[in-house]
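Laboratory data are not the source of any read-out in this text; all were calculated from the coordinates shown. Predicted model, so just to flag it, every value in this text is computed and none were measured. A quick note on method: Cβ atoms are made from the backbone with ideal geometry, for glycine too, and the neighbour counts reach across all protein chains shown.
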Ligand SMILES: Nc1nc2c(ncn2[C@@H]2O[C@H](COP(=O)(O)OP(=O)(O)OP(=O)(O)O)[C@@H](O)[C@H]2O)c(=O)[nH]1
Ligand SMILES: [Zn+2]
């Protein structure tokens, strides 16, 4: 085993200072209110935390440097990617997972398929720097899974889409390109689409896995995963998967860049509009509306872009004041 099997790359290695050579790199496997578990070459440990450290500032998947003798957490390394979101009305973003290479956005080939909801997850992934993959489950139950495949592919340029039966070993094969040694994936999607099923298929239920990740699943009375606990699981194929419970409704905020990537066909037309701040709603000389009229752009896509971009603007605090204190924008004062 090497650190690379845990997802360690040059990006992290370069961050180690000369005087930190004695510290051991470990990856955060579970974050609880007052304690954190980490995994590394020496196995799974519960970290000792310095007094000032708040666990909410850490995400599952983070790389940290640890004092090998005391297990004291010394420093978190800069993240390659960070999935985060703001729960409604919250001042700070909630960290979901760090250093995730691929986000599996799971939906089924049935009524769960909803373009607008998938686009929310795509914006989140794009903003985080995580590559999104749409995973269409229950293809075995659908009359024409091709329709869903095609609809999903239209959601973003060059978007990988996989349709499968999550209960079969073939699913593991189809998702293998993103689940190899050292690769980290996270799963999101509505309840019942088959995330747990997929997880079980990907994990193949290795018996020592529980030990490695510290056995960190916590359920509340309703059998739902608690939002305070997330965890990193080892996959049979050498990759890692991060559980992301508690993401039933996803309100977007702070994802302007992610929306730009998601709706690239709109983003790249905007500079051709007559007005620099064109809203593509009523202005003359609008290149985006011209594209709709020419049949080159789906009017429903434009409508969904508008809704998502508006919601993002409404929910994203602006930095104001000399100290950069965050103030939520007044809904009526924008534009
Ligand atoms: N036929 C078929 N059934 C599936 C597939 N994937 C999941 N199921 C079934 O769908 C049901 C729901 O799957 P789960 O894995 O529990 O869904 P989930 O997304 O984890 O749901 P939550 O735990 O509520 O978030 C189960 O009965 C699965 O056996 C699939 O690809 N094909
Ligand atoms: Zn325009």
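Note on the chain: with a GNM built from Cα contacts shorter than 10 Å, the maximum mean-square fluctuation among 317, 50, 132 falls on 50. Each Cα pair under 8 Å and six or more residues apart adds its separation to the average, and for the chain the resulting relative contact order is 16 percent.
Counting only DSSP H runs of at least 4 residues, each contributing -39500 (n - 2.57), and dividing by the residue count of the chain, the helix-based mean residue ellipticity at 222 nm comes to -7000 deg cm²/dmol. Legend: ranking of residues 241, 100 from fewest to most surrounding C-beta atoms inside 10 Å; resulting order 241, 100. Using a Gaussian network model of the chain with C-alpha springs under 10 Å, which one of 69, 314, 243 is most mobile by mean-square fluctuation? Greatest mean-square fluctuation among the candidates belongs to 69.
Quick one: grab the alpha carbon gyration tensor of region 1-53, order the square roots of its eigenvalues as a ≥ b ≥ c, and give me rounded if a/c is under 1.5, else prolate or oblate depending on whether a/b is larger than b/c. Judged from the Cα gyration tensor, region 1-53 comes out oblate (a/c at least 1.5, b/c at or above a/b). Annotation: the residues 279, 81, sorted from fewest to most other C-beta atoms within 10 Å of their own C-beta, follow the order 279, 81. Among 23, 198, a tally of other beta-carbon atoms within 10 Å of each Cβ gives an order, fewest to most, of 23, 198. Counting only Cα atoms, the size of the chain along its three principal axes is 68, 59, 41 Å, in decreasing order. Highest GNM mean-square fluctuation among 79, 157, 276, for the chain modelled with Cα contacts below 10 Å: 276.
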